[in-house]
Structure formats: structure tokens, C-alpha cells
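Every read-out reported here was derived from the displayed coordinates using simple, explicitly stated rules and does not represent laboratory data. Since the structure is predicted, the reported quantities are computational estimates derived from the model, not experimental observations. Neighbour counts are summed over all protein chains in view; Cβ atoms, including those assigned to glycine, are modelled from backbone coordinates with ideal geometry.
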Amino acid sequence: MSTVEIVAAQSAPIALEAPAPRRPRLVDTWWRHVVGVFACLVALFPIWFVASAAFNRDNSISGTSYLPTHFTLHNFGNLLHNTSKDSSGTTIDAPFLRWILNSIGIAIVTAIATVIISALAAYAFSRFRFRGRRFGMLALLLVQMFPQLLLVVAIYLIVLNVGRILPVVQLNSLFTVMLVYLGGAMGVNTWLMKGFLDSIPKELDESARVDGASAGQIFWGVVLPLALPVLAVIALWSFIATFNEFVIASAILNTTSHFTLPLGMYGFISNQYGQRWGVFAAGSLLAAVPAALLFMFLQRFIVSGLSQGAVKG
Amino acid sequence: MKSRTRLIALLVVVVAGMFAAFAGSVHAAKSAGATLTIWTDQNRKDAVTTVANAWAAKNPGVTVNVVAIQNFTDQRDKLGTVDVSAAPDIITAAHDWTGQLAANGLVEPIYLSAAVKKQFPAYTLNAFSYGTAIKKLYGVPTQIENIGLVVNTKLVKVPTTFAQLESEALAYKKAHHAAVGIAVQQGSGGDAYHMYPFFSGLGGYVFGVNSAGNLDPSNIGVASKTLLAHASLVDKWNKEGLINSAVDGSTAQSLFLKKQAAFWITGPWNSQLLEQSGLKFKVIQVPKIIDNAVPFLGVQGFMVTKWAGVHGVDALAQDFVANYATTPSAQVSLALADGRYPANTTAGKQVTDPVLAEFGKAGVGGVPMPNIPQMNSVWGGLGAAWVKATKGSGATKAATAFKSAAHAIAEAIG
Amino acid sequence: MSATTAPIPSNDGGRASWLPRLISAFSGTTGLAVKLALLSAGNGLAVWAIVTLLAKHQWIAVAVLVAATALIDLLYFGGARTVPAKFLIPGVVLLLGFQVVPIVYTVAVSFTNYSTGHVIGKQDAIKQIEITTLQPPENGKAYTMAVAHDASGRLVLLLQDQLSGKTFVGTQKGLTPAAPGLIHASGGVIESAKGYTILHGLALFDLDKTLQTYVVPVGKAGIRPQSTTTAVELQPTLRYDAKRGVFVRLADGAVFRDNRKGSFVHGQEELEPGWKTGVGFANFSSIIHDPLVRSPFISVFIWTFGFAGGTVLLSFALGLFLAITLNKKGMRFQRTYRSILIIPWAVPGFLSLLVWGGLLNDKFGVVNRIFHISIPWLFDANWAKVSCILVSAWLTTPYFFVVSLGALQAIPEELTEAARVDGGGPFQIFRRVTLPLLLVTTAPLLIASFAFNFNNFGNIYFLTNGGPFTGNSSIAGATDILISYTYKLAIAGGKGQNYGLASAITIIIFFIIAGISAISFSRTKVLEEVV
């Protein structure tokens, strides 16, 4: 059997061999629960007020009252009807569901692509010794430290000029937005993944190479499947960052139906006066749902349960 | 292996060839006829489209392309970097952008006939005028807005003097154990715009006017003699809790709507909110303090960009903006769609919404926000002065606050 | 250090093992097919671009693109020698395109005077100056106009004085009064004229560019078309002398010269608009010399450092603490706790910041009301700084929580077991075993997070907008960090925006943060160990 198949086989359930986890006694864990509950309260504290504003007709986020003064589902209704009325009565187009789909779409693709790109790079930095390796890793971090004050203007000009020769890259295109996000795919993620990959023994690579596997086959077949926890962390981080990203999207997208969710929602409150806080709060609550769902799905990969010890040779 | 390499190479070449064929077949489409591109924001999109289409119907051969920019101020910010192929010929603009856009060379002068000029209050045309040497009109006003004092007529009587306003507000505050007498928004960042009636009522002004009638950025009235002489009034208001800078926009709104304050200073953007609240109210100008407590006036309208000439639609753009958008019917539909008062006085007579009319009256004698680029330095400093002076306990003396603000602003303008 | 190992993915009933299998599927033929497809597509796009560039005669760009494509193809088919490159190329290409190029752009702008009044090119500026310095002469007239062709097809303007109603025919040679009855106008519109064909519709619109430069000379002034139906008498007040490259004012002969800084000036007078041009190191020297920029720099820098450091340390400590606390095997509700704890991360940041701003309002905010305290969270300079760090930590802790969760998994049980067997207490185990191993993985993340918060414009802007103003500086507030200070100075600043100055300050900020990072790297020996 090749190394790849060995690893795959060992990924299969061997639950029967391991003992089931015992539930620890309450005495040991009561303080953990206290900490957990307290932390959850602190985490949810402002969200409660966002919810209060979302269900309120009054159109404000004063953070001053616990319960809505005029309870209404109007804001959510507005969102689902793709329109929004402000406090002076004007109605605007607000294809909320479209925005969510756009955001989820590019967030998923960006997350997967980011994971792949940074994994590729991290593997190279971890396994190979080549000239410029140390400099490369440093450079990745330094590039991301540059304050991007003029990012909006620069990205606009890049997309414009590249778009003139390569129509795949265009203004007002979600695909282009995604490409720009992938520019930042190599960065801190690569460092994180490299650290993790370093802890996967190189003996695995060796034995696979002896079996005749190429670098690519070792990467996909042996090393990457073992790196699931860090892959999941990076996927989650990338999804959330992309989903909530606003600056680059605002530089490139300009038709309402192409907007991502934060960009579309920003329009609710971007005017100096006549802001639509109620709808904005409602939208934000709904916006948190995809990320939370993704986290629940990825949790098990991040916290990969029992570790069964080293796989050697 | 060799055959596999050859297969790969073949595959790559074939795919590459397909793309090359694509490249050859992609043409840029040229549209026949003249196209006029108008930028506006989401709120105004429908109204502008209707008016523009009505004008286009009178000019067969013209297509109007109305683009909704998400954020109103993005129009000003994007105008400098937009590519000529996507650039607008006309934009909807706020008057205080005039100085910046004209100094950047991004907008064209507009010449109105004498008959049309008579239909607009002088200050609205002034608001869109700019020029260090020669003053030119760069925009056509369509709507005006200003804040006013909203009085809950069921809870208090409409005050006719400032002393009456003060005593009613404080009496209500005391009776209801409220936090402030008048709900006016500031917040930690300050809000010089909403505090302007108090500022002008005390004799303050932002920029003086020189002999040529132009704004003079070296003449800053943030610490004018009259203001300093009466600055102690601000300390008095702070001490008795008439106003407090902890109140921000949302708080001011909820104080009034929950009847914890009987007075609210806000603008027509909340008109529907007020109408739906079920409260009985009237909007008036803040009563005279030392001078008339006039608000800042905001004027919005259309501007013709320099790309209209590049695109070959300059005359058309000027026709729409100078000849059509100035007519009373266009003015009414544009202004009312946005919930504002039209700039054209003939159009103004057609406004029947009582709340809008009240806001309009509350703006009489108001001062247009200065449209020169130096104005940017004023907002922060002036707002901060008010925040410090009305902080409640531990507030700075108003005279000191305004003096240091004036100094800071002068330094920033240079 | 002995090899630590990564755990084999979860074996809870095989549910989670589909993902590793999916990933390893790429090591076979599927992967090869995908690789070929992507490579072909990449080459295809390159060819497409090359064809387009050839059509536009951009030879240099073609040469560069051909070389780059050839290089990439060689690397991918180069076998074992170029393996690292194969892994790095996709990421590097995107990095160069969308991260490095904006940096290069910023550097380029910092050497220009790109700011309000200096946005367009020189030729455009000259044209705009000529247009905007036209002035109606005394008793200048305004006309209703119709554009027409005369009998011989020449372009003329049929004009009616709006005040007097007199009619004229105007050509580029001059103005002649029209014979009575020649031009028929009513209601302010010229409807017809004998012997002339009035142009309408597309015929008229296509002449727009011609009309822009059409002038009917009248004495020193000229009648120029404005809209499709009006014309105005205007007089130039400046004349552009193309040979000398200067503007001359006609009234007094004053000469406005190019001051090499993007404007035409005469003494103190400056013509608007100016244009964008290179100014060398002028922006950098103004940072050093201008007291307005220089004086708050030190205090803002110290606070920025404190803010970034405080946020990172606090978030990491809390995140790690929560990860350890809630990671007890078999503890109930673990999943629930974890899902709730990442919600601050999932909600759009600026909304949370705005809500916190409301919560921390010292008179009306809920925080002060619940605990019956009256701390001026956002109004007092020092408390505002504390608030910034606390709220920022609230936003960042979930990230370190998740990272710690993942990193803790990399620390094998045997090590901690062995330490416990050796008689170590929980705190000792943590300090001697867990923490060092954890820091190996997370040290670069901490440094990166520090850098991110150093430049975290949003967290400051939406919570306090840099305020409260202390009066020490006219621009910087108590909680302004370098980047928001730059923004206020250069973008929302005194005479409009100054992108050139903003870029220059940005570069200086970058050197500062890069310097700090380099020092941290060498102190924590991260590079030595990890690399």
C-alpha cells in the first residue's frame, strides 16, 4: 500500500479501539461553566442591542433601552421585500437576498482558494530549502503591514488598466473582487499553516517519496489531510474576513444588484441624515448567521477530538 | 513520457488558441446617438430618472443613463479618479462641494438667463458659486434643507422668545426628571451643524465676507467679539442642563419620541418619522438670542462635469441642467421625491406638505454652509468647542473653548 | 526539539473523514487534470492579453507578458528542480498584483502633489482655466440660439437677444443683425428662418465638439454657445501664451508662470485649477518641517503603540484563557459556548463599534446605568483610550480563541501527561510546556495582529473618531492613532485633501511598524526557530 492509502485508511474510524470519553464530574468543571457563561454574556451584550434595534420601529441604535419601544417585524419584512424606507419616507432598492447570495458566493470561493494558496505556499516554505526562503516569509508579513490608505484608488486603477487588456478582470464584477481578496491570501495564514505543517513529521514525506509519489501527490495525499485543524481555522477566518469586507468591494462594485452584503447595508446608513438604523440592525443580525453556521460546521475540524498519537514511518 | 508531454503541449496550445480567437472577436460596442450619463444617489434615482426621461422625450435622439451611486458623497470623491469611459456628465451635488470640485477643475461653469435667476433666492445661487478671482456659478440648485426646532405642542406652548424657550424647557425637564431641556445632538465627536443656531444666535459666524463679497478664510468668527461677550450664556445653559453634549443623534431622537424632552432640533430627514409618531408638533426657527438664531442652509442641485465636453454632450448637459431642471415642475418633483423643499420660489409655492413648509420657514435668514475647501477644518474644531462647553459638570468655560477652537482652526487653515 | 506530531483527524463515527479523503483525491489523476486545465487557462488568458496589447501597439507590455508566461510554463514543466516555485507561483502572482502594486502606487503618489486643486493633468488644467476665466463683459448679452446651416451649408448661429428681442445671425466672422422677419421666434424659441435649415436631434448633437470652440466675435468679446438653445457673450480675461507656457492677464499684463509645483502663479495669486505633478521629496520634508504635522506625532505614536500592544496582549490572553477553559474533554455545551463566542467576530465590525459607542455614552449608555457608575468612557481622554482597547479586544478575542483552539490541538497529550506524571501542577505545566509550544505557532500571528491594529483605522474611527479633542493639537484627538491622524490631516484636512502628503506619512508609518516587527522577530527568535 502506498503512503497515501495508509494515511487515508488511518483517517477512517477506529473509534472501537479508543475508549469513550468519560464525562468529567461537575465539581471539576463548574468554574469552567461560569467562565463560559460570563464570556457569552459579554460577547452577546452589544448584539442584544442590535437585536433590540432590529425589532424596533424607532429607527435608532441608541444603546439606551433593553427592549424595543415599538416592537415590529417591519424591518425584516422590508429586507425580504428588497426595499427600504427611511425616516423621511423615501424608498430605495435593497435586494437584500441577492446581496447575501453574492457575499456567500465569493466568501466560499475565496475561503477555499485562500486555503489552497496559503497551503501551497506554506508547504513550500516548510518542506523545501531554497534561496530567498527566509526573505520570502518576512516579505509576506511586511507587505501586509503597509497601511492601505490609498488602497481604494490603487485597486480601482489596477482593475481599470488590467481590464483594458484582459476583460476577465472588470469593474463591477464579483469575480474581480474575489481576485483582489486572493491577493492577500498569502500572508499571516502562510505563517500559521507553516507552523502547523512543521509539526507533521517529514518521515511521512520520505516514505511516500520512496514509494514513488511526486511532490504534488505528497502534498495532496499525505500532508494536507493531516492539517485539517489549521485548514479549518484559515477557512473560517477567510470566510468571515471576506464576508465582512467592505473597502475593496466599494472600490470595484457599483451596481446595486452586484453589491456584497456589507456594501449594500452600508448604503442604509451612509447618508449623513436619514439613516435607516432599524433595517441595518436587522440586516446585521441576518448577516451574522452564515458565519455562525460555518463555524458550527468547521468546529469539529478545528477541535479534532482525540489525538491518537504519532504516526511514524 | 514523451508522448504525454506532447499531449500536454498540444492541449495547452489548443486552449490558448481558443482564447486568442475570443480576443479577436471582442469588440467595443459603439452606441449610436448621444448618451447623457447622470450620477445620483439611491434616494434620488427614481425622481431623477423621471425628470431626465421627460426632458429626453423633448430631445429625440438622446438617451439618458442614470447611475445610482451608493453613497451621496461618493460622487464627489470618485469624480477625481473615475475613468473617462465611466465618467458622468452630470452629478447631483451638495453645494458645499463647489469649492473643492471647482478648484480641482472637475466642473463647468453654468450661465443662467436673467429670467431664470429671478426665480431662485440669491443665496441658493451664491451657494453654488465659487472663484478666487472671478466668481462663477457651477451648479443649479434644486432643493434646500435646514434644521428647525421641533416643539411638542401638546406638552408645551410654542415659544416666541428665547427666554420663553429656556423657561419652558427647564420647567419640563424638572417636572419629568429628564436629562436635558432641549434635545440637540452632539455626541463625543461634536456636531457643529446642529449647534449652529445657538452659535449664530450668540453672534458667531464661520467665515467673514470680504469687500468683493467672497468668503474670507482669514476672517474666522468662531471667537467673534459678540460671541465672547455673551459666552457666559453657554455656561449658564450648561449649568442648568438646558443642553448637554452627551446627547447624540439616536439619543436626541428617542428623548423626543419618548416625551422625555419637549424640544428637538432636527431636520426634514425625520419628517416622516415625526408624522408617524403620532405626536402633535410644530417646527419653528430657534428664537432670537442676541442675534437671530439662524440655521445652516444646505442646498443641493445639479452640476455639469468636465467630461460632458469630452463625451461630446456638453450642450445637452447644459440644456438639461440650466434650462430644464430649473423649471418649477422639475424642481417640485425632484425636491419632493427626496422629502425636501424646492429651491425655485415658484415651485415652493406649490408645496402643500405642512411639515416641509414649516421647515422652510425655519430657514429664513439662514446661512449657507461655506463651500470653500477650508471649511473642512472648521467642523471638528467648532464641534469640539461646543462639546467641551456643554459637557455638564467639568465643562470648560465657553469663552475659553471657543477661543482655543478659533486658534486651532486658524492654524489648520494656515 | 523532538518532532511533535499532528493528530490524525477525528474518528467520531467517520463523519469527519470524508474531508481528508476528498483532499487526498487531488493527489491522483483528478489533480493532474485540474493542474493542466488551470495552466491552459492561464496561458489562454495570457495569449488573449497579448493579442489585445499587440493591437494597441504596447510593445513593452507584450514583451514582459510573453517573458512572464514563458517563465511560468517552464517552471511548471521543469520537473524536480523547480518544485518550490510550482507551489508558490499562484499566491505570488496574486500578491504582486493586488498587494504589491498598490504599495508601489502609494510610493509613486508620495512623490507628487496629488491633492485638492492638483488632480487633473496640465493640458486639462490649461483648458479649464481658459473656460473658467471667461467673464461676461459689461452689458454682456445673453441670447436664445438655434444652430443652423445657411444656404451654402456653413454653420451659423441664429440668435435672439433675450432682453431686447432683436435677432442676429452669427458666424465665426462676426455678428450681423438679421433682417426683420427673417428669423421667426416665439416663446423664447427660434422656430424657423428663411434660407436657413435649423438643426435638430442627432444632426445637432454630433456637432457638440465643434460648438464647444465656436465663437462669434463681437468686439473684444465673443458669443459662445452654452446649451442647445442658449448662447452667452463672454470675454476672456486671460490669454495663454503657448510659446512661453504662461498665462497673461489681459487687464494689466500680469504674467502667471508655472511654479513647478503644479500651478500658474503670479506673486501670491494662484490660478485654479492646478495640475498633478511630481514634487520630489517635498511631502517628506513638510512632515519634518511643518509644525502642524510634526508636533502631535510623538504622542500619537506612543498611543498607537500602546493601543496595538494592549489590544493584542489582552485579546490573546483572554482568547487563550477561554480556549483552555472551555477545552475540557467531554465537557457539556462546549460547542454552544464556542459558537456564541465567535459571534462578535461574525457581526460587521463597524456596526459593533457604533453600538458600543452608544452603550458607553456616559449619561445615557447602558453600561453606566447597569452598574450605577458614571465613568466618562468616551468623553475623558484617558478613559477613551481604555475604552478603545477594551472594545478592540472584544472584537479580536474570538480570533485568538479560535486560533488557540486549533493550536492547542497540536500539542500532543503525551507531553502534558508526562509533565503531570513528573509531578507538575496545572500552572507549571501551562507555563513550561503548553505556552512555549503555543507561542511557536502563534508568535508570528501576534506580531501580525499587532501590525494590523497599529493600522486599524476602523476601530478608532467608528468608536471615537479619534476624539475627544484635548486642545493639544488642532487635528489629533486623544485617541487618534497614526493612521487616523494621517487621514484627518490629509484626507479630511484643512485645504481639502492631500493624497501626496498622506502617502508620504503612510510610508513613514510603514517603516516604523516594519522596524518594530523586525525587532520583535529578532527578540522572539521566531525566525531562527521556525525557519
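Could you work out the equivalent-ellipsoid semi-axes for the range C:22-110, taking the square root of 5 times each eigenvalue of the Cα gyration tensor, largest first, in whole Å?
28, 18, 12
Once both axes come from the Cα atoms, what is the angle between helix C:435-454 and the longest principal axis of chain C, in degrees from 0 to 90, rounded to 10?
Roughly 20 degrees between the two axes.
Say the dipole of chain C comes from +1 at the beta carbon of Lys and Arg and -1 at that of Asp and Glu; which of C:Ile375, C:Ile190, C:Gly28 then lies farthest toward its positive end?
C:Gly28
Return the aspartates and glutamates within reach of A:Lys202: Cα separation strictly under 16 angstrom, same-chain partners fewer than 8 residues apart disregarded; answer none if there are no such residues.
Here the aspartates and glutamates satisfying the reach criterion relative to A:Lys202 are A:Asp211.
222 nm [θ] for the protein assembly as shown, helices only, -39500 (n - 2.57) per DSSP H run of 4+, per residue, to 500?
Details: 56 runs with 644 residues, N = 1258.
So the calculated ellipticity at 222 nm is -15500 deg cm²/dmol.
Percent of Cα-Cα pairs more than 26 Å apart in the range C:329-465, please.
It works out to 43 percent of all Cα pairs.
Could you work out how far helix C:122-132 tilts from the main Cα principal axis of chain C, as a 0 to 90 degree angle to the nearest 10?
50 degrees
Normalise the Debye intensity by I(0) for the range C:216-335, one equal point scatterer per Cα, no solvent, then take log10 at q = 0.23 Å⁻¹ and round to two decimals.
Result of the Debye calculation: -1.24.
Just the Cα atoms of the range C:284-407: what Rg and Dmax do they give in Å?
Radius of gyration, then largest Cα-Cα span, for the range C:284-407: 18.5, 64 Å.
Which FRET efficiency, nearest 0.05, do C:Leu415 and A:Val42 yield, Cβ-Cβ r, R0 41 Å?
The value I calculate is 0.80.
Quick one: Debye curve from the C-alpha atoms of chain C, no solvent, what's log10 I(q)/I(0) at q = 0.09, 0.12 Å⁻¹?
-0.99, -1.25
Could you tell me the calculated FRET efficiency between C:His200 and C:Glu138, based on Cβ-Cβ distance and R0 = 30 angstrom, to the nearest 0.05?
Working: r = 35 Å, r/R0 = 1.15.
Efficiency at R0 = 30 Å is approximately 0.30.
Other chains' Cβ within 10 Å of C:400-410 residues: what's the mean?
That works out to 6 on average.
Could you check the spin-label model distance between B:Lys157 and B:Ala115? Points 7 Å from the Cα along Cα→Cβ, value in nm.
My value for the distance between the label points is 5.0 nm.
Report the percentage of all Cα-Cα pairs in the range C:289-530 whose separation exceeds 27 Å, rounded to a whole percent.
Value for the range C:289-530 (Cα pairs over 27 Å): 46 percent.
Are there chymotrypsin sites (Phe, Trp or Tyr not before Pro) in the range A:120-204 that DSSP puts in a loop and that have at most 15 other Cβ atoms within 10 Å, and which ones?
A:Phe128, A:Phe130
Could you state the per residue volume, in Å³, of the convex hull enclosing the Cα atoms of the range A:26-93?
118 Å³
Counting C-alpha atoms alone, how compact is the range A:96-302: give Rg to one decimal and Dmax as a whole number, in angstrom.
19.6, 69
Just to be sure I understand: with springs between alpha-carbon atoms less than 10 Å apart, which residue in B:Val48, B:Val67, B:Val180 has the highest mean-square fluctuation in the Gaussian network model of chain B?
Highest fluctuation of the listed residues: B:Val67.
For A:His70, project a label point 7 Å along Cα to C-beta. Then give me every residue of the range A:263-290 with its amide nitrogen under 14 Å of that point.
A:277-279
Looking at chain B as a GNM with Cα springs under 10 Å, which of B:Glu358, B:Glu275, B:Glu145 has the largest mean-square fluctuation?
Most flexible of the set in this elastic network: B:Glu275.
What pairs from C:Lys122/C:Lys173; B:Lys117/B:Lys349; C:Lys166/C:Lys194; B:Lys236/C:Lys363 go past 24 Å between their alpha carbons?
Violating the 24 Å Cα-Cα cut-off are C:Lys122/C:Lys173.
Calculate how steeply helix C:499-524 sits against the longest principal axis of the alpha-carbon atoms of chain C, using the helix alpha-carbon long axis, and give the answer as 0 to 90 degrees to the nearest 10.
The helix C:499-524 is inclined about 10 degrees to chain C.
On average, how many beta carbons from a partner chain sit within 10 Å of the beta carbon of a residue in C:236-247?
That works out to 0 on average.
Quick one: length gained pulling C:Ala514 to C:Arg81 fully straight, 0.36 nm per residue minus the C-alpha distance?
152.6 nm
What is the fewest-to-most order of C:Phe98, C:Phe452 by other Cβ atoms lying within 10 Å of their Cβ?
Starting with the residue having the fewest Cβ neighbours, the order is C:Phe452, C:Phe98.
Using r as the Cβ-Cβ distance of C:Asp290 and C:Arg335, and R0 as 51 Å, what FRET efficiency do you calculate, to the nearest 0.05? Provide the component values of the computation, followed by the final result.
Numbers: r = 56 Å, r/R0 = 1.10.
The computed FRET efficiency comes out at 0.35.
Just to be sure I understand: with springs between alpha-carbon atoms less than 10 Å apart, which residue in B:Val304, B:Val64, B:Val247 has the highest mean-square fluctuation in the Gaussian network model of chain B?
Checking each option, the largest mean-square fluctuation is seen for B:Val64.
Which whole-number percent gives the relative contact order of chain B, counting Cα pairs below 8 Å spaced six or more residues apart?
25 percent
Which value results when the Cα radius of gyration for the range C:38-168 is divided by 2.2 N^0.38 Å?
Here the answer is 2.06, to two decimals.
Could you work out the equivalent-ellipsoid semi-axes for the range B:234-337, taking the square root of 5 times each eigenvalue of the Cα gyration tensor, largest first, in whole Å?
Calculated on Cα positions only, the semi-axes equal 41, 18, 14 Å.
Quick one: compute a quarter of the convex hull surface over the Cα atoms of the range C:134-235 and quote it in nm².
On the way: hull surface 24.6 nm².
In nm², the orientation-averaged hull projection of the range C:134-235 is 6.2.
Give me A:Phe259, A:Phe38 sorted ascending by neighbouring Cβ count inside 10 Å, so fewest comes first.
Lowest to highest Cβ neighbour count: A:Phe38, A:Phe259.
Can you list which of the DSSP-assigned H helices in chain A have a Cα extent of 27 Å or more along the long axis and an average Kyte-Doolittle score of at least -1.0?
Passing helices, by number: A:26-54, A:96-127, A:277-302.
How far apart, in nanometres, would the label points at C:Thr171 and C:Asn259 be if each is projected 7 angstrom from Cα along the Cα-to-Cβ direction?
Here the answer is 4.6 nm between the modelled labels.
log₁₀ I(q)/I(0) of the protein assembly as shown at q = 0.05 Å⁻¹, via Debye over equal Cα point scatterers, no solvent, to two decimals?
Log10 I(q)/I(0), no solvent term: -0.41.
If you count, for every residue in B:81-87, the Cβ atoms of partner chains within 10 Å of its Cβ, what is the mean?
The per-residue average across the peptide is 4.
Check cross-link reach from B:Lys280 to the lysines: straight Cα distance under 17 Å, and skip same-chain residues fewer than eight apart.
In chain and number order, the partners are B:Lys154, B:Lys157, B:Lys258, B:Lys259.
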